[in-house]
Amino acid sequence: MLTVLDFLTSPMGAASAAAAALLFIFLAYCIAAGNTLARLMVKVQEAASGIDVALSKRYGVLKKVFEASKGYMAHEKYIVLESIKLRGGMPMEEKNRAAARMDTAAVEISAVGEAYPQLASSEIFIQLQKSISDTEEHLQAARRLYNANVSVLNQKIVSFPASVAAAMRGVKKQQMFVAQEAHRADIDMTL
Amino acid sequence: MFLLLAAQPILLFGCLMAGAKNAAFQRFLAEHEMAALTEMDVGKAPLTPRQLSMTAMIVLIIGMAAFFRYWRSINRKIAQAAAPEGHPPSEYENARKKKFFAIERTTKTLHTVLLILSVIPAIVVIPVLGFGEPGVNALIAAYMVTFWAAGAFMFTIAVWLLIALGQLVSLVCASLSLRNARPAKAQIITGEIKRVFGENSGYEPNGHFYEDPFETDVLKRYDHLAANDHLFGVYRGLAFEQMDVLFYDGGLPKTGQAFLTSDLAHKQNGFKGRWIIVHQPKAVAGRFYIVSKDAYADERKRFKNLPGLSEVFLEDTEYNNRFVVYAQTPHDVFYVMTPQLIGRLKKFADRGAGKPDFSIRLGFYENRIHFVVSGLTDAFEHLFGAFDLDASISEESARASVRRDLNLITDFIDSLFGPKEASKC
């Protein structure tokens, strides 16, 4: 009768044990990598919701500015803002589009301020312009945080053997929140 | 006795240092006719510490020569004395004579040695080491050791008392000098601060921050904090404060009544440096810290253990390699640390690279940046820093040294907040 000890000491047994050990190590690594990916995914989701919050704040401030300067601008300009629809869990493409429209709206507001010095000098308009600038910076921060997390996650996913863990867990590469061309330069919202 | 003698040069060093400071400061006051300040001038004392030290030296040399002459003459008399009539010299007397002759030989040798010692420092040590403490101390130490070796204990005690008295007077003089120096220092610093930062700035020699530095956790929570040289003002539209700080655990000996950050030489159980707070335009919800990886690797563990903090990586790889960021809310880091600010921080760190003990340690708390620099030359203490007896302090050099110390504040704000950022405030 072949005992376990005899089997393990035989060449076949030693090879099987080594293979089992390797498999165990690989599985352990996959589990660890899977957990890391899950944590990264949570971070990405948190950062994405940070973008939602920033977009929503920015939208709110822009709306206030538009309300404050309603009498000074044409109705069609107001439509730009009206066309922005925000909802929770928007895909990144939609977020990008919304952000782009908000940028257009911010430029419109700035132009109106330039055209009407009386409006530009009003205290509330100045405060709201500062708020626009601040919300823009918050949005950029949220975008950079999201992109930094996505970058780390995407790098993990494409590298072996974390890619196996990613496939097992169903974690996929995430889309970056692309900055608009105008944002690549430092935005100057100073008055 | 030996310990007292061994400690003597050290004590004298302190004495002369105080004397040197005082002498230099007196010259400074006299040169610039600070009438209000010279009222308490220690120049009214019969002897300045420097004069006192030199007088003690001369008295010591003359006294030493006189003592040896007297000792040798006594010796000779005893040695040459004939035995009483009718009593042949006893063995005891012979032995006594032998002993005295031995002393005679020793004193002769010592006399020669002392003469050589008096000359060598004068022609070698003092010109090489200067007329300050090292040269004089070398001389004093040589005399004291020689006296002790010769067994002239009583004489040594007398010399020790003489010098101790000199020290006492010197310390009193130094104390008066410091009292004189403080108003002058405040006057000069205030003038320079107002010149650089405008009328809204100020200087409190013994002032503190309005908030508790321990609460910020930028540094570990030491047992004690001593601080002075509180400056405040506005530069490029940004309000700032600074103070010299000394954190330490356990007890710390103090010199005199007032605390000077220059008092601390050790850093093992404490932290000495400058703490600058800049009120920046962006308020953050949580707090975060940026620490140089190279200089404060040990600090990473402390930040890691602070509740609610986690390491945050920015998108700049070079930055991540050089600094470590711990934050309560990662969003705050990305909000404040714009790519421009990241670049500026790297450049600021580059400029400080190579300077002793310079490293970045920043704490962001509400809308304030706390910048802590360790171990730099004690700021705003240059008026007390002229240890060389022959050093002269001019008003311009004093003002220039204050400006150099203010440069750290302006450099920091200029580097991190260019005109554009600062103008937002």
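Where a number appears in this text, it was derived from the coordinates with a stated rule and is not lab data. On a predicted model such as this, the values are computed, not experimentally measured, just so you know. Counting neighbours? That spans all protein chains shown, and the Cβs are built from the backbone with ideal geometry, glycine included.
Say R0 is 22 Å: what FRET efficiency, to the nearest 0.05, do B:His208 and B:Asp249 get from their beta-carbon distance? With a Förster radius of 22 Å, E is 0.70. Projected label points at B:Asp411 and A:Glu94, each 7 Å from Cα along the beta carbon direction, are separated by 5.3 nanometres. The mean number of partner chain beta-carbon atoms within 10 angstrom of a residue's beta-carbon across peptide B:328-339 is 5.
Applying 0.36 nm per residue to the separation of A:Arg39 and A:Tyr72 and subtracting their alpha-carbon distance, the gain on full extension is 7.0 nm.
Label separation (B:Arg195 vs A:Val164): 7.2 nm, computed from points 7 Å beyond Cα along the C-beta direction. Annotation: amide H of B:Ala239 within the under-5 Å range of B:His279, sequence separation 5 or more or interchain, hydrogens built in the peptide plane.
For the residues of A:142-151, the average number of beta carbons from a partner chain within 10 Å of their own beta carbon is 4.
Between the helical axis of A:92-115 and the longest alpha-carbon principal axis of chain A there is an angle of about 20 degrees.
Measuring against 22 Å, Cα to Cα, the residue pairs A:Lys64/A:Lys130; B:Lys272/B:Lys347; A:Lys43/B:Lys293; A:Lys64/A:Lys95 contain B:Lys272/B:Lys347; A:Lys43/B:Lys293 as the ones spanning a longer distance.
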